[in-house]
1. Report every pair of residues separated by at least 6 positions or lying on different chains whose Cβ atoms are under 6 Å apart, first residue within region 87-99 and without any contact (Cβ under 8 Å) to a residue 60 or more places away in the chain and in the same structural domain as ASP70 (by TED's automatic domain parsing), second surrounded by 18 or more Cβ atoms within 10 Å (Cβ to Cβ) and part of a strand (DSSP E or B).
2. May I ask you to verify whether LEU39 is of a type in the set (A, V, I, L, M), part of a loop (DSSP other than H, G, I, E, B) and at pLDDT below 95?
3. Across region 49-64, what is the number of residues that are of a type outside the set (Ser, Thr, Tyr) and either in a loop (DSSP other than H, G, I, E, B) or under 11 Å from ILE102 (Cβ atoms) (or both)?
4. Looking at region 52-61, can you tell me whether even one residue there is among the small types (Gly, Ala, Ser) and either loosely packed, with under 12 Cβ neighbours inside 10 Å or more than 15 Å from the chain's Cα centre (by Cα) (or both)?
5. For the list (1) touching a residue at least 12 places away in the same chain (Cβ under 8 Å); (2) in contact with a strand residue (DSSP E or B) (Cβ under 9 Å, 6 or more places away or on another chain); (3) of a type outside the set (Ser, Thr, Tyr), I need the number of the one condition that LYS59 fails.
Amino acid sequence: MFFGKWFAKANFIIAGLFANANPLCGARRGRRKKDMPLLLAPIGQEVRIVKIIADERTKKHLANLGILVDATVTVLSASGGSTVCRVKEGRLALDRNVASHIFVA
């Protein structure tokens with residue numbers, strides 16, 4: 001009985017240590033927990049872009065296409081290697097690499 005309680009307490013402590021040390025943990029890095037890459041966004045739901053991780057050239061190109069921080073997009077399809085999303089009144093197909101660097105909430 002004693003060993004069972006000790007084991008449960010040790011698991012709780014270890015889980016807490018890993019949650020705080022994990023660089024992807026939202027609370028540790030200041031990111032909101034609901035942020036996710038555009039690849040994982042639910043299909044058909046309107047989401048807001050919160051962060052774009054790319055070089056300046058790519059950010060400028062995406063801005064010309066209407067993909068900016070605080071813009072809203074709707075994922076229409078995410079099959080194969082591309083993600084099709086509605087931006088304003090048009091549709092864009094983004095490859096997996098670009099869509100994984102756009103974070104939405």
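1. If the second residue must be surrounded by 18 or more Cβ atoms within 10 Å (Cβ to Cβ) and part of a strand (DSSP E or B), the pairs left are VAL87/VAL73; LEU92/CYS85; LEU94/THR83.
2. no
3. 9
4. No, region 52-61 contains no residue that is among the small types (Gly, Ala, Ser) and either loosely packed, with under 12 Cβ neighbours inside 10 Å or more than 15 Å from the chain's Cα centre (by Cα) (or both).
5. (1)
The values are calculated or read from the model by the stated rules, or taken from the named source; none is laboratory data. In this text, all values refer to a predicted model and were calculated from it rather than measured experimentally. Positions of Cβ are backbone-derived with ideal geometry, glycine not excepted, and every protein chain shown enters the neighbour counts.
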